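A.B. asks: Following this message is one structure expressed as structure tokens.
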């Protein structure tokens, strides 16, 4: 015969344990992550007064000062960025100017050679051998001028053009009216938009 009084405490303990386990499961399911409210006043190095209004006033002052400092930092960074941009542009201009000066020095050294070509090519050949020699010189002159044109060199228009003292140097002729170039004695050149050497010309009145 089974004794009911001996099994009852065991059943009650099991029920209590089950209820405890259920509470733990529910607690885990309903657990909420702790809210991150950011740094505390102490962490920010602030000592807030106990009075709420004074604490709010202090925080507003600190905020205004922080914004002011941030604005100053921004202005400083903007000035630095502008200074750097100006520096970059200045370096680019200096580099371009150095290239232009190097090209100018090179072309200036070649001007006597170009003058020699102009003089030789103006010669009228008398024999087939001279004509052949001039053909070779014309080819060499063309190749040289093509290379110089690629560097920004261009001859100044002279004979028959209106006289322009900015690009023409009159050494003979003249008149009271409008002048034109009657003869070119020495060719002039423009390099990259600047007069490298004016044309030496003879002028006369326009007809």
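A.B. asks: Within segment 122-136, identify whether any single residue is closer than 30 Å to residue 100 by Cα and part of a helix (DSSP H, G or I), and answer yes or no. I'd like the intermediate steps shown before the answer.
C.D. replies: Step one: filter segment 122-136 for residues closer than 30 Å to residue 100 by Cα, giving none.
Taking every residue of segment 122-136 in turn, none turns out to be closer than 30 Å to residue 100 by Cα and part of a helix (DSSP H, G or I).
A.B. asks: Continuing with this model, one more query. Of the conditions (1) modelled with pLDDT of 90 or more; (2) closer than 19 Å to residue 195 by Cα; (3) in contact with a helix residue (DSSP H, G or I) (Cβ under 7 Å, 6 or more places away or on another chain), residue 151 clears all except one; give me its number.
C.D. replies: Condition (1) is where residue 151 drops out.
A.B. asks: Go through segment 149-207 and tell me which strands (runs of 3 or more DSSP E), entirely inside it, have 2 or more residues that are within 46 Å of the chain's Cα centre (by Cα) and within 20 Å of residue 109 (Cβ to Cβ).
C.D. replies: Numbers: elements: 153-155, 168-173, 179-186, 189-191, 194-197, 199-205.
Counting at least 2 such residues, we get 153-155, 189-191, 194-197, 199-205.
A.B. asks: Residue 101 fails exactly one of the following numbered conditions: (1) assigned to a strand (DSSP E or B); (2) exposed (fewer than 15 other Cβ atoms within 10 Å of the Cβ). What is the number of that condition?
C.D. replies: So the condition that residue 101 fails would be (1).
A.B. asks: If you don't mind, another one. Inspect all residues belonging to segment 53-64 and state whether any of them is surrounded by 10 or more Cβ atoms within 10 Å (Cβ to Cβ), at negative phi, at pLDDT below 85 and in a loop (DSSP other than H, G, I, E, B).
C.D. replies: Checked segment 53-64: no residue is surrounded by 10 or more Cβ atoms within 10 Å (Cβ to Cβ), at negative phi, at pLDDT below 85 and in a loop (DSSP other than H, G, I, E, B).
A.B. asks: Please find, among 129, 172, the residue that is in the same structural domain as residue 100 (by TED's automatic domain parsing) and farther than 16 Å from residue 118 by Cα. Break it down into steps so the answer makes sense when it comes.
C.D. replies: Numbers: 172 fails: in the same structural domain as residue 100 (by TED's automatic domain parsing).
Being in the same structural domain as residue 100 (by TED's automatic domain parsing) and farther than 16 Å from residue 118 by Cα holds for just one of 129, 172, which is 129.
The values are calculated or read from the model by the stated rules, or taken from the named source; none is laboratory data. A quick note: this is a predicted structure, and the numbers were derived from the prediction, not measured. Cβ atoms come from the backbone with ideal geometry, glycine included; neighbour counts cover every protein chain shown.
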